[in-house]
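Dumping the structure here so I can ask a few things about it.
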Amino acid sequence: MNLNRRELLRKGWKLGATVLGVALGWTAYEALRPLAGTAGGGSVTLGNPADFKPGTATYVNQGRLWVANAGGHFFALSQRCPHLGCRVPFCHSSGRFECPCHGSVFDLGGEYVQGPAPRGMDRFELRLDNGTLVADTSKLLPGPDRGTRDFLTPPLGPPCTRS
Amino acid sequence: MDDQDRDQLEPDTYPPPTTLWQRVRHSEVWRSAFRHPQLDTPRGRALQSFSNFFLHVYPVKVPARVLRFRYSWRLGYILTVLFAILNLTGMYLMFFYTPSVASAYGDMQQLRTGVGFGQLVRNVHRWSAHLMVIVVVVHLARVFFAGAYKRPRQFNWVLGVGLLVATLAFSFTGYLLPWDQLSYWAVTVGTNLVNYVPVLGLTLRDLLLGGTQIGQATLLRFYALHVFVLPAALTVLLALHIWRVRKDGFAVQRPGGGAFTEEATMLPGEPIHEPVAADGERRVRLLGVVDRQSVTAEERRVDDAVFTWPHLVVRHAVVGLATAAAALTLGVAFAAPLRDLANPQLTPEPSKAPWYFVGLQELLSHLDPLVAGILIPAGTIVALILLPYLDRNPATEARHRKVAILLFSAMLVAASVLTVVGEFFRGPGWRFIPPWRHLYVDL
């Protein structure tokens, strides 16, 4: 390739500007992205399984999560709706989770029932340590796909979010 | 030429001073600051624009039809005034606000009770921001319906779309700063839309929030974007936009159809079509070959031109004062809302995005999130950017652009209906509740 001085400079400054732009962009991204671990999370002791009554959900403030006992199956469910991030309260009258923002409804196991949510409620990893339920809030697993019906039961009563 | 020489050439300009005021204006100090006197002559009016830093943004002369309010409804100018009001009120508010989760809400309460004119300035700031979003959309629609995005103004239309996006971002980042329930959950809903961007969604959201959920990092980022990054970007875009308005020329519609004529800049390699008159004779000008109608338009433009100072400047001053009066009236009449302190544990029912994103929220309740949250809004922005390059029809009159006008009108109506339904007809659980039964509206 034959390059005279003018062409070399012309191509050179474009190459230099591109490298500088990429370097600046990457540096800005590295500086602004949340650092690993700063998002919070860790092991949260929930309690003895016997403390959580079947067919209901208990809120654990420390982990900002719901512990649900669906017929002996335990779940640590994220309180955030997978649709647009609103906090999803548990409705004791219907026995379901009902999002106040856009009306998404989830059963006790966090499975999608109705509304615009793209999937069921996200879940934290749950384990049994010496007879105690422990949730790892640094490990969030996406909720079950729409159509999953493992724990679906008819609503116990009227919904909480009504006009 | 020094002052003495000039005075000799124009003896009437600086007559021998008799009063104190005339002596001041005749002094070297005054004339070192204001280089030219205000003369009610053609030369004096031209000098007003040439030698005044602020007036230099205007051309010296404009076509007379530009003076008519209907010509542009002054929408671009109104937007500039609103941006100035937002800057002024925003600067005042900055003296009393700390972007900290611990103190932001308290600062807002303090503004209401402990800061001179604090509540009023905040009200004006908020309503001006809402007005700016409304006017920018109306401005875009007017430019479209007038066909003013066509050659040679394609790039200025693109800059205008950039200004629309910057305005929305400006308003959205400001929404979080009061740190109340309204702002917290509106921004929660708004930022979670980003989740639906394929592949990069979570990364983008975390970058925007500075974490996985709204917190101190988010407040600081939104504040930095709101008070520095976006104003700087908007100022640059606005300067380019106004500069292009001048460089691209004012709109002249050719009577027999066709695009604007006065800036018929040729692209390199573009064939020259020599027009032939009805009698078969070719008409030529000295500097190039143009059709007869262009010459007519050019002559009319020159004949109709009027001095910017004072004709247009005075009209702009009136519109600017009217805009400021409207913002002030809204500020006096309606208080900007301040709900309870932001509580991540309590989602209010219903939680709505800021009104200009409520249409998207409504769409999200009907369609797949990827379609409603990403493809439709991003597609709309891309389509708007590409519009002047895709629309090859040179006509600007509505009767020759029926398809384009129909499509654009349908888009506007759809967006308006979705926004009205989402804002006025939705209640807890996003259920359909007519406003005459209960009104769930927060601005």
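Filter the trypsin sites (Lys or Arg not before Pro) in region B:304-411 down to the DSSP loop ones having no more than 15 other Cβ atoms within 10 Å, then list what survives.
B:Arg392
Just how many % of Cα pairs in region B:300-443 lie over 21 Å apart, if you round to the nearest whole percent?
On the way: 6908 of 10296 pairs.
Of all Cα-Cα distances in region B:300-443, 67 percent exceed 21 Å.
Hey, another quick one. In Å and from the alpha-carbon atoms only, list the Rg and Dmax of region B:13-140.
Spelled out, the Cα radius of gyration and Dmax of region B:13-140 are 22.2, 66 Å.
Further, regarding this structure: For the pair B:Leu204 and A:Asp145, what calculated FRET efficiency results from E = 1/(1 + (r/R0)^6), where r is the Cβ-Cβ distance and R0 = 25 Å, to the nearest 0.05?
0.60
Further question on the same structure: Can you tell me the dipole magnitude for the protein assembly as shown around its Cα centre, using point charges on the Cβ only (Lys, Arg +1; Asp, Glu -1), in Debye to the nearest 20?
Roughly 740 debye for the protein assembly as shown.
How would region B:47-100 be classified by its alpha-carbon gyration tensor: rounded, prolate or oblate, with rounded meaning a/c under 1.5 and the a/b versus b/c comparison settling the rest?
Oblate is the answer for region B:47-100, as a/c is 1.5 or above yet b/c matches or exceeds a/b.
Further question on the same structure: As I understand it, the dipole of the protein assembly as shown uses +1 on the Cβ of Lys and Arg and -1 on the Cβ of Asp and Glu, about the Cα centre. Which of A:Leu24, A:Gly120, B:Leu341 lies farthest toward its positive end?
Among A:Leu24, A:Gly120, B:Leu341, the one farthest towards the positive end of the dipole of the protein assembly as shown is A:Leu24.
Also: In square nanometres and to one decimal, what's the mean projected area of the convex hull around the Cα atoms of chain A?
Numbers: hull surface 63.3 nm².
Averaged projected area of chain A's Cα convex hull equals 15.8 nm².
Got a sec? Charge dipole of the protein assembly as shown, +1 on Cβ for Lys and Arg, -1 for Asp and Glu; which of B:Thr380, B:Trp243, A:Pro158 is way out at the positive end?
Farthest towards the positive pole: B:Trp243.
Which of the trypsin sites (Lys or Arg not before Pro) across region B:39-72 are loop residues per DSSP, with 14 or fewer other Cβ within 10 Å?
B:Arg68
Within a 10 angstrom radius of the beta carbon, how do B:His400, A:His102 rank from fewest other beta carbons to most?
B:His400, A:His102
Which of rounded, prolate, oblate describes the protein assembly as shown, given a ≥ b ≥ c as roots of the alpha-carbon gyration tensor eigenvalues and a/c under 1.5 marking rounded, otherwise prolate only if a/b is larger than b/c?
Numbers: a/c = 2.28, a/b = 1.89, b/c = 1.21.
In terms of gyration-tensor shape, prolate.
Excluding B:Gly106 itself, calculate the net charge of residues whose Cβ lies under 12 Å from the Cβ of B:Gly106, where each Lys or Arg counts +1 and each Asp or Glu counts -1.
Its environment carries a net charge of -1.
OK, next. How many nm is it between the label spots at A:His92 and B:Leu390, if each spot is 7 Å from the Cα in line with the beta carbon?
5.5 nm
Would you compute, from DSSP H runs of 4+ residues alone, the mean residue ellipticity of the protein assembly as shown at 222 nm, taking -39500 (n - 2.57) per run and dividing by the full residue count, rounded to the nearest 500?
-14500 deg cm²/dmol
Residues of A:96-106, mean number of Cβ from any other protein chain within 10 Å of their own Cβ, rounded to a whole number?
For peptide A:96-106, the averaged partner shielding equals 5.
Roughly speaking, what is the centre-to-centre gap between region B:126-185 and region A:60-100 when only Cα atoms are used, to the nearest Å?
38 Å
Bear in mind these aren't lab numbers, they're just calculated from the coordinates by the rules spelled out. In this text the structure is predicted, and so the values were computed from the model without any measurement. Quick reminder, even Gly has a Cβ in these numbers, built from the backbone with ideal geometry, and neighbours come from all protein chains shown.
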